[in-house]
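Student: This is the structure, below, for whatever I ask next.
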Amino acid sequence: MTTTTTGGWLRRTLFLGVELRAGETLGVLAMFASLFLILFTAYLLKPAREMLILTEGTAEVRSYAVALQALLLLFFIPLYGKFSRRFDSYRYMQIVTAICVATLLVFAVAGNAGLSISVVYFVWLGAYSVLIISQFWAFASELYSREAGERLFVIVALGASLGAWLGSAVSRELVNYLDAYGLIIAGAFTLALSAIPASRAGLSVPEASRGRSESGVSAQASLFAGFQLVLSRRYLMLMAAFVIMLNLVNTTGEYLLSAILEDLYATGSAAGEIAVDKGTYVGRFYGGFYFMVNLFGVLIQFFLVSRLIRVAGFSIAFMLTPLVIFLGYASLALLPIVGWFRYFKIAENSLDYSLQNTARQMLYLPLSRQEKYEARAVIDPFGQRLGDLIQAGLIFAGLHVLGWASTDFIPLATVMAACTLTLALLIIRERSRLLSAQHKTDTDNITGE
């Protein structure tokens with residue numbers, strides 16, 4: 001009796017309090033491993049990005065490079081949607097991964113040959129980072145039913161938190177031995193490995209947990225079908241607006257952090273307190289910063305997310321991150337203590353990468369396959385990068401038209417955070433309407449039978 005009780009407690013602890021049903025363990029662990037490797041890769045590649053962009057440019061150039069990512073995606077997303085209709089979900093995931101691996105190797109070769117790749121790599125990595133994760137979650141949303149996804153995505157998302165944390169920990173050490181191009185090559189290798197467990201996941205999900213397959217040709221088969229979908233449904237439009245605003249607030253904070261970092265380096269270098277070059281200083285700072293962000297992300301994902309969703313409900317879990325962001329920027333606007341900004345960004349990013357990311361993926365579970373792939377490709381990658389584009393315009397206007405200092409952007413970030421919180425409330429209301437309509441349709445179908 002004791003063994004059974006202890007075994008049950010251990011199982012519930014390892015799986016974050018989620019009750020796994022017969023046959024689900026192998027599949028969910030494979031998805032966990034695949035997402036772990038994808039995020040591990042991301043945090044090998046991100047310090048390389050910062051090392052290149054802040055040594056060849058400045059925080060302002062970094063802000064404008066972020067904006068170019070939206071323009072890249074504007075041309076790429078229609079092609080992504082067009083090709084997604086031609087392949088099954090796993091096959092398409094393999095193709096996207098292979099293209100990304102090859103591109104990373106090209107960047108490494110070009111950089112080692114002496115070509116300046118900082119801006120091009122920065123733009124590409126920003127598009128890649130959201131697209132590859134969006135692709136994974138589209139695959140997961142199609143693989144699992146809504147009921148199974150709402151239970152199991154908490155476990156799968158822990159792979160992202162752990163992968164990001166360990167990736168940042170490894171990259172923090174590797175910057176002492178590898179240059180940016182060495183980190184890029186390492187990232188290409190780990191990204192290639194991520195496709196292996198995903199193949200197992202597709203074969204291991206029990207029938208009772210699988211999403212309903214959709215047959216037939218999509219009614220919206222035009223090149224811009226994803227944009228048409230988003231513009232035709234209120235729920236999708238609200239999600240897109242939320243992602244744009246959330247990312248606008250976040251990237252404004254990233255600009256503030258990089259501007260503060262540049263000031264710290266200039267001051268410390270002039271005083272003789274910093275002996276290393278700027279690239280190493282930046283790499284070490286961001287390695288440590290990402291390590292702390294992802295450490296707290298793991299702890300939140302492991303101890304908080306599933307329990308919060310189960311006890312307080314989805315709506316509270318979804319609302320918590322935008323609420324914390326708003327309160328954080330509001331407090332900084334009233335009492336701008338720059339030295340604490342780093343710690344607020346750690347809290348903001350930790351919640352965003354764990355709790356908010358998990359809750360946001362659950363928003364797609366009631367949707368169709370086309371919406372999970374094509375609408376998601378617009379909302380997640382393009383929505384995030386459009387937020388970056390708007391942010392670059394705000395940074396340019398603030399610095400060169402209004403003559404602001406970097407800290408003058410904090411009140412603006414507070415207003416944008418308030419808008420994000422309002423959009424979250426509207427999404428929760430619209431999601432409730434959608435689920436009620438689907439429940440009524442299912443009930444009518446059963447009654448009709």
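Student: Which whole-number value in Å² is the accessible area per residue of the stretch 321-449, probe 1.4 Å? Could you put the intermediate results ahead of the total?
Tutor: Details: 5480 Å² over 129 residues.
In whole numbers, the stretch 321-449 has 42 Å² accessible per residue.
Student: A further question on this structure: So, with a 1.4 angstrom probe, what is the percent of accessible area on the stretch 367-449 that is carbon and sulfur? Before the final figure, lay out each step's value.
Tutor: On the way: 2430 of 3820 Å².
After summing per-atom areas, the C and S share lands at 64 percent.
Student: Report, by chain and number, residues whose modeled amide H sits under 5 Å from the one on R210, excluding near sequence neighbours (fewer than 5 apart, same chain).
Tutor: HN-HN under 5 Å from R210: S145.
Student: So how do D352, D408 rank on accessible area, 1.4 Å probe, biggest first, that is with the largest at the start? Let's see the in-between values first.
Tutor: Details: D352 25, D408 70 Å².
The most accessible residue leads, giving D408, D352.
Student: In the full protein assembly as shown, how much of W165 is accessible to a 1.4 Å probe, in Å² to the nearest 10?
Tutor: Result for W165: roughly 60 Å² accessible.
Student: Based on the Kirkwood radius over alpha-carbon pairs, what is the Stokes-Einstein translational diffusion coefficient of the stretch 357-406 at 20 °C with 1.002 mPa s viscosity, in µm²/s? Present the calculation step by step, with values, prior to reporting the outcome.
Tutor: Details: Rh = 13.0 Å.
Using the Kirkwood radius from Cα pairs, D works out to 165 µm²/s.
Student: By what distance, in whole Å, do the Cα atoms of the stretch 268-325 stretch along each of the three principal axes, largest value first?
Tutor: For the stretch 268-325, the Cα extents along the three principal axes come out at 53, 21, 15 Å.
Student: Continuing with the same structure: With every protein chain present, what accessible area does S436 have (1.4 Å probe, heavy atoms only), rounded to the nearest 10 Å²?
Tutor: For S436, solvent-accessible area is about 70 Å².
The values are calculated or read from the model by the stated rules, or taken from the named source; none is laboratory data. None of these values were measured; they are calculated from a predicted model. Please note that ligands, DNA and RNA were not included when accessible areas were found on the heavy atoms of the full protein model with its side chains. Shrake-Rupley method; radii C 1.70, N 1.55, O 1.52, S 1.80 Å.
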